[in-house]
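The values are calculated or read from the model by the stated rules, or taken from the named source; none is laboratory data. No experiment lies behind these values; they were computed from the predicted model shown. Here the Cβ is made from the backbone with ideal geometry for all residues, glycine too, and neighbour counts use every protein chain on show.
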Amino acid sequence: MQKIVHTTFAASLALAFSAHAAQPVNKAAAPAVVQEAPLRAHLAFLSSDALEGRGTGQRGGELTVTYLETQAMAAGLLPANKGSYRQSVRIAGVKAQPQESSVSLAAGGKPLALSFAKDWVWAPGDARAVHDMDAELLFVGYGITAPEEGGWDDYKGADVKGKVLVMLVNDPAPTSAEPARFNGKGLTYYGRWTYKFEEAARRGAAGVLLIHTDASASYGWSVVQNSWTAERFQLADADLGTGMQGWMTDAAARTLFSAAGQNLDKLRAAAEDKSFKPVLLNARVQGQAKAAVRTLEQFNVAGIVPGTDPKLKDELVIYSAHWDHLGMQGDPAKGDVIFNGAVDNASGSAGLLAMAQEAVRHPAKRSQMFLWVAAEEQGLLGSAAYAARPLWPLNKTAAALNLDSLNFVGAVKDIGVQGSERSSLGLLAASTAKAMGLTVAEARPDLSGGYFRSDHFSFAKAGVPAFSISGGHDWVKDKAASDAKRKAYGARYHQAGDEYDPNWDLSGMVQQAQYTLNLGRMVADAPAMPAWKPGDQFAKARAN
């Protein structure tokens, strides 16, 4: 019965919006204006208990994909993948099984009494269920190779094949002599744990163990515990990672280094200078590591608004948002187990649907794609899968504009465009804001590497100018109350309490969606595609 109700509801909305989309419009007389009513309707349904938190590999995720492709069709989008709105994303699910494993750390010839979750965590990075480990530990500082940073190279030609690399999280701090090195106070991609795993795999290492501190990771050990003791996901078709990936607490690292005859503080200090050389530790990883592994199929959903210009229609602007959240977790006997993800990211997915409805009625010179990606919460997997097998040539993709967690508080006088300054999108972003009577929100140091943690980053790595549009903080109404409302969301983020409230003022959400559509339209109608600024680390990928 429940399945019939869901299907009927989706079909009813499809008919309603299809009728709306079919109405003729005088394109010269009226601009594309994002409507609140469809945005609110989509938001309410996407974050409802009916979709069970839109979890990766869960029934609610399957229902979400069906809903999105139905609504894409209703809005008048053309299927982007050879007659289909779906793009397959094959994912491997991996869950460490410490109770069935014998893997351990030894230093100075003696085993260390470290407990899984409490002191360290690990899982395979190559989706293999069993690994027999007997590998030396090599400390490689930050594990960074960055030629553009004065020839920085933590590896110095060391042979790391078959070794487990121990690394610091984050990147080297700025100095008085080099205040701008590694983006000063801001985090670069070299500081992200994802880069460190990738670089180790490229060099043939057997594994990686990262040393955690709250300051360097920008979150506590409990975040690592929760993530690495649960099932983790990776692309099944991507390049394989190392056989072991993991973290250890700072206390565990100190125990390890001391038993291996080394001083962690001195090695940390040495790693701050580019003259640092890897240090082989008198320590090993030994034993058998087991994990439960499964493969599942998820889907990106993509629809196209064809361009109107005979030449420029072969180029594309992408609007993206991730449809997934955390699904159903926990024990129903202990309370709410549905992590609805209303703000994160039913809001962005709903915003794209409302934008698509208007874009179809007001096409631009370049083509436009509306892309709902899977498994963002699992590590940007859906957008990474798209970038690896794009439905439109990446060298013909002008820009990717991403929406993640829209403004549910109220209208603002500013808009967040951090990351746009890396390319000529920055000038277009400022012009779009000015035309809407908005200011560009003041840029803040990216201390936690936010630019590298949302779906636009998958496109940036592939060379496409990209960033995420965020809500501002200069509220039109009642600054104190609005600040408090926004701050209170922090306690609901990634919790079961991120639920839709019908009393929300969606003026700020509509404003954010409208800004994104306007900016995309400006890109789509511009004479030339945006370009990275000279020297930006992603410019090279575009040139290639």
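Taken together, the residues in the range 189-242 that are in a loop (DSSP other than H, G, I, E, B) and surrounded by fewer than 20 Cβ atoms within 10 Å (Cβ to Cβ) amount to 14. Listed by position, the helices (runs of 4 or more DSSP H) enclosed by the range 1-75 that each have at least 1 residues that are under 31 Å from the mean Cα position of the chain (by Cα), modelled with pLDDT under 50 and closer than 24 Å to Pro332 by Cα are 2-22.
Determine whether Leu256 is touching a strand residue (DSSP E or B) at 6+ places or on another chain (Cβ under 7 Å), surrounded by 17 or more Cβ atoms within 10 Å (Cβ to Cβ) and either within 15 Å of Leu138 (Cβ to Cβ) or at pLDDT 95 or above (or both). Outline the logic, then answer.
Numbers: touching a strand residue (DSSP E or B) at 6+ places or on another chain (Cβ under 7 Å): yes; surrounded by 17 or more Cβ atoms within 10 Å (Cβ to Cβ): yes; either within 15 Å of Leu138 (Cβ to Cβ) or at pLDDT 95 or above (or both): yes.
Yes, satisfied.
The set of residues in the range 189-202 that are more than 15 Å from the chain's Cα centre (by Cα) and either over 13 Å from Val164 (Cα atoms) or of a type in the set (Phe, Trp, Tyr) (or both) comprises Tyr190, Gly191, Phe197, Glu198, Arg202. Checked against (1) of a type outside the set (S, T, N, Q); (2) surrounded by fewer than 22 Cβ atoms within 10 Å (Cβ to Cβ); (3) touching a Ser or Thr at 6+ places or on another chain (Cβ under 7 Å), Gly416 meets all criteria but (2).
In the range 289-307, the condition of being surrounded by fewer than 24 Cβ atoms within 10 Å (Cβ to Cβ), without any contact (Cβ under 8 Å) to a residue 12 or more places away in the chain and out of contact with any Phe, Trp or Tyr (no Cβ under 7 Å at 6 or more places or on another chain) is met by no residue.
Table: residues versus (1) surrounded by 24 or more Cβ atoms within 10 Å (Cβ to Cβ); (2) part of a helix (DSSP H, G or I); (3) not assigned by TED's automatic domain parsing to the domain that holds Ser470.
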{"site": "Ala356", "(1), (2), (3)": "yes, yes, no"}
{"site": "Pro363", "(1), (2), (3)": "no, no, no"}
{"site": "Gln368", "(1), (2), (3)": "yes, no, no"}
{"site": "Trp392", "(1), (2), (3)": "no, no, no"}
{"site": "Asn395", "(1), (2), (3)": "no, yes, no"}
{"site": "Ala400", "(1), (2), (3)": "yes, no, no"}
{"site": "Leu406", "(1), (2), (3)": "yes, no, no"}
{"site": "Gly426", "(1), (2), (3)": "no, yes, no"}
{"site": "Lys434", "(1), (2), (3)": "no, yes, no"}
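Take the residues in the range 370-379 that are crowded, with 24+ Cβ neighbours inside 10 Å and in a loop (DSSP other than H, G, I, E, B), then tell me which one is modelled with the lowest pLDDT. Going through the qualifying residues, I end up with Ala375. Entry remark, the range 73-101: residues being under 21 Å from Arg389 (Cα atoms) and either among the hydroxyl-bearing types (Ser, Thr, Tyr) or touching a residue at least 24 places away in the same chain (Cβ under 8 Å) (or both) number 15 in total. Per the listing Thr56, Thr66, Thr70, the residue uniquely in the same structural domain as Ala496 (by TED's automatic domain parsing), buried (at least 22 other Cβ atoms within 10 Å of the Cβ) and either polar (S, T, N, Q) or out of contact with any Lys or Arg (no Cβ under 6 Å at 6 or more places or on another chain) (or both) is Thr56. Scanning the range 243-274 for residues that are closer than 24 Å to Gly379 by Cα and assigned to a loop (DSSP other than H, G, I, E, B) yields one hit, Gly243.
List the helices (runs of 4 or more DSSP H) inside the range 444-544, counting only whole elements, that have at least 3 residues being surrounded by 15 or more Cβ atoms within 10 Å (Cβ to Cβ) and among the polar types (S, T, N, Q).
Numbers: elements: 456-461, 479-488, 507-525, 539-543.
Because the criterion is at least 3 residues that are surrounded by 15 or more Cβ atoms within 10 Å (Cβ to Cβ) and among the polar types (S, T, N, Q), the helices (runs of 4 or more DSSP H) in the range 444-544 that meet it are 507-525.
Residue count for the range 87-114 under the criterion of being within 30 Å of the chain's Cα centre (by Cα) and over 30 Å from Thr66 (Cβ atoms): the result is 3. Condition check for Lys185 on (1) under 22 Å from the mean Cα position of the chain (by Cα); (2) under 25 Å from Gln262 (Cβ atoms): one failure, at (2). Only a single item in (1) under 28 Å from the mean Cα position of the chain (by Cα); (2) surrounded by fewer than 20 Cβ atoms within 10 Å (Cβ to Cβ) is not met by Ser176, and it is number (1). In the range 490-510 there is no residue matching the filter, namely being more than 22 Å from the chain's Cα centre (by Cα) and basic (Lys, Arg).
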